[in-house]
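Presented below is the structure to which this report refers.
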Amino acid sequence: MIKVNFAPEIDTKRAGEILTEIEADLMGGWFDLPRKVDMAELSRIKEAAAKIQSEAEILVCIGIGGSYLGHRAIIEALGSRSPVKIVYAGNSLSRRELNRALEEVGDADFSVNVISKSGTTLEPAIAFEEFKKKLIEKYGEEAAAERIYATTDAEKGTLHDEAVSRGYTRFVVPDNIGGRYSVLTAVGLLPMAVAGVNIDKLLEGAAEFRESLDSETMANPAIQYAFIRNLLGQKNYDTEVFASFEPSAMYFNEWLKQLFGESEGKGKQGILPTSVIYSTDLHSLGQFMQDGRRNLFETIIDYPTDELNMKVVTAVKLAHAAGGIPVLSIRPESYDERGFGELIYFFELACAVSAKLFGVNPFDQPGVEAYKTELKKL
Ligand code: PA5
């Protein structure tokens, strides 16, 4: 179970109301996801992963935001345990980056997992066109379609319609699970399974954390964390620095930034999430952290680590606390699937509760939609 170094006073009535609201919310589908796993869907995911492993040297994962960051976070943190290399595309509009991904695939045998809940997002749509062309040139139209795995809405969207008409293998992003809360659905599970991540253990870790909410609701560290960051927010600590001492967990920080930024940053509310990897960034941002403007607090994800790294963790906690930074520490039990499963659920829950404490809807992203609309006009 995750350990934390804080025990704030909790408004138990408000916390109870918030949990009920989350459960009832149309977009709260992730809330019970770990303990209501669709076993048939899970088998389909595993079968598809095995097929990809048998047919491809590379899986091109096309997607952006919630359709990308979660699985990349876990795959990078745990390291690939499969002969299939994952290449990411469709997460920017840079032609240079797209060419780089196309070159990386080169002449290798490859398959494509295109992931887009809406099925209309421009970045993945453009990358998908390019990789589809490459697949067709290499394998022909029919065999190319057999190498395309589309994860999208069950009923609508350009990608959905194309997947149906061309016969791609389809996986569904459930309607009631928003992009940034979707890592434990086919969105994240398929690429992770291809990369050799044990997705059963990941789901077990998340389920275990979900169970702990039932037995000790107010003592649950996710609830405590949500309340303490809200308290800090009210005291004008308007920036949260997610810090970890594991370079391979850099994308987990990226996932966190999206989760909190998109869930909480609306209605002129929220805490700006940013991140560092220590000890690397102690040599760039360390000065500011120690002695710069005091509007930030630090949330250290205290992964189990080696002795020397552990000493740095302790030294940083002491130095930064002495420098006037509120330092929160979140310690997962292990640096493996189970530990990350726990962490995913911990942060999803904390984020949803925290956004509700700020009085905003954790599950929409009107700001993201605004940019998409402007871009389409241009
Ligand atoms: O969390 C979100 O909802 C967004 O970040 C989306 O995941 C992102 O915009 C990609 O959208 P889509 O999956 O529809 O292509």
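The values are calculated or read from the model by the stated rules, or taken from the named source; none is laboratory data. Since this is a predicted model, take the numbers as computed values, not measurements. We place every Cβ from the backbone using ideal geometry, glycine too, and count neighbours over all the protein chains shown.
Structure data summary
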| read-out | value |
| --- | --- |
| Region 324-378, residues that are in a helix (DSSP H, G or I) and of a type in the set (Val, Ile, Thr) | Ile344, Val353, Val368, Thr373 |
| Criterion violated by Asp281 - all others in (1) farther than 27 Å from Ser334 by Cβ; (2) more than 17 Å from the chain's Cα centre (by Cα); (3) free of Cβ contacts under 8 Å to residues at least 40 places away in the same chain satisfied | (1) |
| Pick from region 227-269, criterion among the small types (Gly, Ala, Ser) and away from the ligand (no atom under 15 Å from the Cβ), ranking: surrounded by the most Cβ atoms within 10 Å (Cβ to Cβ) | Ala243 |
| Which listed residue, of Gly70, Gly66, Gly90, is closer than 21 Å to Thr121 by Cα, in contact with a Lys or Arg (Cβ under 6 Å, 6 or more places away or on another chain) and modelled with pLDDT of 95 or more | Gly66 |
| Total residues in region 1-23, condition assigned to a helix (DSSP H, G or I) and either surrounded by 11 or more Cβ atoms within 10 Å (Cβ to Cβ) or modelled with pLDDT of 90 or more (or both) | 11 |
| The lone exception for Ser67 - which of (1) under 19 Å from Arg170 (Cα atoms); (2) among the small types (Gly, Ala, Ser); (3) surrounded by fewer than 16 Cβ atoms within 10 Å (Cβ to Cβ) it fails | (3) |
| Residue count for region 87-143, restricted to those that are in a strand (DSSP E or B), aromatic (Phe, Trp, Tyr) and either closer than 26 Å to Tyr181 by Cα or within 16 Å of the ligand (Cβ to nearest atom) (or both) | 1 |
| Members of region 355-378 that are touching a residue at least 12 places away in the same chain (Cβ under 8 Å), within 16 Å of the ligand (Cβ to nearest atom) and farther than 15 Å from Gly65 by Cα | Ala355, Val360, Asn361, Pro362, Leu375, Lys376 |
| Considering residues of region 148-206 that are assigned to a loop (DSSP other than H, G, I, E, B) and more than 15 Å from the ligand (Cβ to nearest atom) only, the residue farthest from Pro34 (Cα to Cα) | Gly167 |
| Filter result (at negative phi and within 16 Å of the ligand (Cβ to nearest atom)) within region 270-299 | Pro273 |
